[in-house]
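Asks: This structure is in structure tokens; I'll ask about it shortly.
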Amino acid sequence: MEFAARARLAGVDLDMDLTRVGTYELAVPVGELLFVAGSIAWDGPRAAFPGRVGADLDVAAGQQSARGAGATILASVHQFLGSLNRVVQVVRLTGYVRSAPEFGDQPQVIDGASDLMVEVFGDAGRHARSAIGLAELPLRASVEIDSVFQIAL
């Protein structure tokens, strides 16, 4: 099964409207690497799952937010490349979790996006990763993720 079909089965809208909240590109290729800008889960024009994980949201809601950010990443890659089938490997995810003080389960939250990458790409979706807690994110988003993909030229 092709990657786009697997993404759609996972509930990803690959044709979603992609929103920029500043002056930047959603994806930039450098050789065989594609760098994808920080992405969040969207609910129309607003961030889905706003708030702090560990205060306003529990880990499960944080995982949903991370999965939504992963879906936005997949839509960005699909729209930029014209096909997810050009993905050779998900190289890296860096996950930022808007966290309550003393919250330390950022890795479990970012699993929402990591699990989606493996669901869509299989072994090619396994990646290196960081999960970082911080006080604020744009639009009050609970999770933002940036990523690097190896692509077929």
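Asks: Can you name the residue in segment 130-153 that is crowded, with 24+ Cβ neighbours inside 10 Å and among the polar types (S, T, N, Q) and is also farthest from T72 (Cα to Cα) among such residues?
Replies: Within segment 130-153, the match that is farthest from T72 (Cα to Cα) is S142.
Asks: Which one of A41, A152, A141, A135 is in contact (Cβ under 8 Å) with a residue 24 or more places away in the chain and under 18 Å from L14 (Cα atoms)?
Replies: Just a single option satisfies the conditions, and that option is A41.
Asks: Moving to a separate point now. Please report, ordered by residue number, the strands (runs of 3 or more DSSP E) entirely within segment 23-129 with at least 2 residues that are surrounded by fewer than 19 Cβ atoms within 10 Å (Cβ to Cβ) and among the β-branched types (V, I, T).
Replies: Numbers: elements: 27-30, 33-39, 87-98.
Of the strands (runs of 3 or more DSSP E) lying wholly inside segment 23-129, those with at least 2 residues that are surrounded by fewer than 19 Cβ atoms within 10 Å (Cβ to Cβ) and among the β-branched types (V, I, T) span 27-30, 87-98.
Asks: May I ask you to list pairs of residues, at least six apart or on different chains, whose Cβ atoms are under 6 Å apart, with the first in segment 49-65 being modelled with pLDDT of 95 or more and the second being of a type in the set (K, R)?
Replies: Taking only residues 6 or more apart or on different chains, the pairs are P50/R140; R52/R98.
Asks: May I ask you to verify whether G51 is in contact with a Leu (Cβ under 7 Å, 6 or more places away or on another chain) and over 21 Å from R20 (Cβ atoms)?
Replies: For G51, the condition - in contact with a Leu (Cβ under 7 Å, 6 or more places away or on another chain) and over 21 Å from R20 (Cβ atoms) - is met.
The values are calculated or read from the model by the stated rules, or taken from the named source; none is laboratory data. All figures in this text were calculated on a predicted structure; none of them were measured in a lab. No Cβ is skipped: glycine too gets one built from the backbone with ideal geometry, and neighbour counts run over all protein chains shown.
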